[in-house]
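Contents: one structure, followed by commentary.
The values are calculated or read from the model by the stated rules, or taken from the named source; none is laboratory data. All of these numbers come straight from a predicted model, not from anything done at the bench. Heads up, the Cβs are rebuilt from the backbone with ideal geometry, glycines too, and the neighbour counts pull from every protein chain shown.
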Amino acid sequence: MIFSKITGTGSYIPTIKKENGNFIDTHFLNPDGSDFSNGNQVIIEKFKMITGIEERRYAASHFNTSDLGFFAATKAIEDAKIDPEELDYIIVAHNFGDVKSGAIQSDILPSLATRVKHLLRINNPNCVAYDILFGCPGWIEGVIQAQAFIKAGIAKKCLVIGAETLSRVVDKVDRDSMIYSDGAGACIVEASENQDSGILSHATQTFSKDEAYHLFFGESNDKNADKNVRYIKMHGRKIYEFALTNVPNAMKTALDKSGVSIDAVKKIFIHQANEKMDEAIIKRFYRLYKQPVPEDVMPMSIHTLGNSSVATVPTLLDLVLKGNITHQEVKKGDVIILASVGAGMNVNAVVYRY
């Protein structure tokens, strides 16, 4: 029986740091274009209390999303100690393509995966490169697809990347713009006959009847702005309520399919969207098993890195595996869960044994 194993990880954290205090002079507006009754100091303090975000990272103006993906991919390839010419698939998860600094247009021709393959200088035409648009859960879904290729016997080595430059698609007068950041994470998924480690199970769902436009592209809150320009927008309360119900259920479905006990789960790598929301999701998950939440089960990077969408989970995983988050580690044999929620609305989870 063939199993799918992560053999290398890598991440790229942009160099430009933007702290909450940098927003103190921003003229935030409500969706209807009106001013907030509270001053920016109050807005920023409430924002930090809810999201946990203190600072975030933005990409340098001369780098695009595909560049960030390439940087993370290079590190993952080096970590896995493989020849990139041996890759069967390159899967790049993103949401907005390459958006040049100062531009308003998304560029996905050619695909970001093709651009990454080009930057890696891979000659092998049998290395298939394609993109996946799946909201914030895109990287996890890419890992699930890589496993499917491996189980089907049509792939042995896959590169899965999550990369985004959300700072270039935010409405700067929308206070939600403080949430988003840039970054990239990647991993190598390889075929393995060793059943002691690898992907044990997974679950994915799409809710689109009433939930499709919880996240969407919309006009600026500034009613004097160009109405033909669109920015990332969200119905935060609806997303929060949706996530609290559906992410724990997806995680339980995946864990129950794995046959692993809840007591064996050592770490949960959840999409870094909002600290309070993530904490509530984990509490709900353990409540489904009538168990208390173990200490340090949920590593966090959102405080300093913000929400980089598809990049949050692979970046967090890489940071923990490389020993770069205090009091967090994954040991051989540990069972972990990867989970995410985002535009679609999509939810997914993977149960993995290291």
Worksheet item: If you take the residues of segment 62-110 that are surrounded by fewer than 19 Cβ atoms within 10 Å (Cβ to Cβ) and of a type in the set (Lys, Arg), which of them is farthest from the chain's Cα centre (by Cα)?
Response: Lys81
Worksheet item: Here are some conditions: (1) part of a helix (DSSP H, G or I); (2) touching a residue at least 24 places away in the same chain (Cβ under 8 Å). Ala273 meets all but one. Which one does it not meet?
Response: (1)
Fill in: Single residue of Asn228, Asn221 found to be part of a loop (DSSP other than H, G, I, E, B), in the same structural domain as Gly333 (by TED's automatic domain parsing) and in contact (Cβ under 8 Å) with a residue 12 or more places away in the chain
Asn221
Practice prompt. Within segment 309-340, track down each residue that is in contact with a His (Cβ under 6 Å, 6 or more places away or on another chain) and assigned to a strand (DSSP E or B).
Written response: Ser340
Worksheet, complete the sentence: Only one of (1) farther than 30 Å from Arg168 by Cβ; (2) touching a residue at least 40 places away in the same chain (Cβ under 8 Å); (3) β-branched (Val, Ile, Thr); (4) crowded, with 19+ Cβ neighbours inside 10 Å does not apply to Val330, and that is (4)
Worksheet item: Restricting attention to segment 97-114, does a residue exist that is closer than 23 Å to Lys322 by Cβ and either in contact with a Ser or Thr (Cβ under 7 Å, 6 or more places away or on another chain) or outside the structural domain of Gly135 (by TED's automatic domain parsing) (or both)?
Response: no
Worksheet entry | Residues located in segment 27-73, provided they are in contact with a His (Cβ under 7 Å, 6 or more places away or on another chain) and polar (S, T, N, Q) | Thr65
Worksheet entry | Set Ser201, Ser181: member being in contact (Cβ under 8 Å) with a residue 40 or more places away in the chain and closer than 25 Å to Lys332 by Cβ | Ser201
Practice prompt. Give the residue that is surrounded by the most Cβ atoms within 10 Å (Cβ to Cβ), with candidates limited to residues of segment 132-161 that are touching a Gly at 6+ places or on another chain (Cβ under 8 Å) and assigned to a strand (DSSP E or B).
Written response: Ile161
Worksheet entry | Yes/no for Arg237 being of a type outside the set (Ser, Thr, Tyr) and surrounded by fewer than 14 Cβ atoms within 10 Å (Cβ to Cβ) | yes
Item to complete: Would you check if Lys283 is closer than 30 Å to Tyr213 by Cβ and surrounded by fewer than 23 Cβ atoms within 10 Å (Cβ to Cβ)?
Response: yes
Worksheet item: Would you say Thr253 is under 27 Å from Leu166 (Cα atoms), in contact with a strand residue (DSSP E or B) (Cβ under 7 Å, 6 or more places away or on another chain) and among the β-branched types (Val, Ile, Thr)?
Response: no
Worksheet entry | Matching entry among Val347, Val313, Val341, Val330 (being hydrophobic (A, V, I, L, M, F, W, C), outside the structural domain of Leu133 (by TED's automatic domain parsing) and touching a Cys at 6+ places or on another chain (Cβ under 7 Å)) | Val341
Worksheet item: With Ala113, Ala129, Ala103 as the choices, which residue is in a helix (DSSP H, G or I) and touching a residue at least 12 places away in the same chain (Cβ under 8 Å)?
Response: Ala113
Discussion item. One residue is enough: does segment 287-308 have a residue meeting the conditions closer than 28 Å to Ile6 by Cβ, part of a helix (DSSP H, G or I), outside the structural domain of Phe96 (by TED's automatic domain parsing) and in contact with a Pro (Cβ under 8 Å, 6 or more places away or on another chain)?
Written reply: yes
Worksheet item: Only one of these conditions is not met by Asp318: (1) touching a Phe, Trp or Tyr at 6+ places or on another chain (Cβ under 9 Å); (2) at pLDDT 95 or above; (3) under 24 Å from Glu78 (Cα atoms). Which number is it?
Response: (1)
Response to the item:
Within segment 63-83, residues being outside any helix (DSSP H, G or I) and closer than 17 Å to Phe96 by Cβ number 2
Worksheet item: Which one of these is surrounded by 18 or more Cβ atoms within 10 Å (Cβ to Cβ) and within 19 Å of the chain's Cα centre (by Cα): Leu215, Leu200, Leu244?
Response: Leu215
Worksheet item: Can you find a residue in segment 245-257 that is in contact with a Gly (Cβ under 7 Å, 6 or more places away or on another chain), touching a residue at least 12 places away in the same chain (Cβ under 8 Å) and under 17 Å from Cys136 (Cβ atoms)?
Response: no
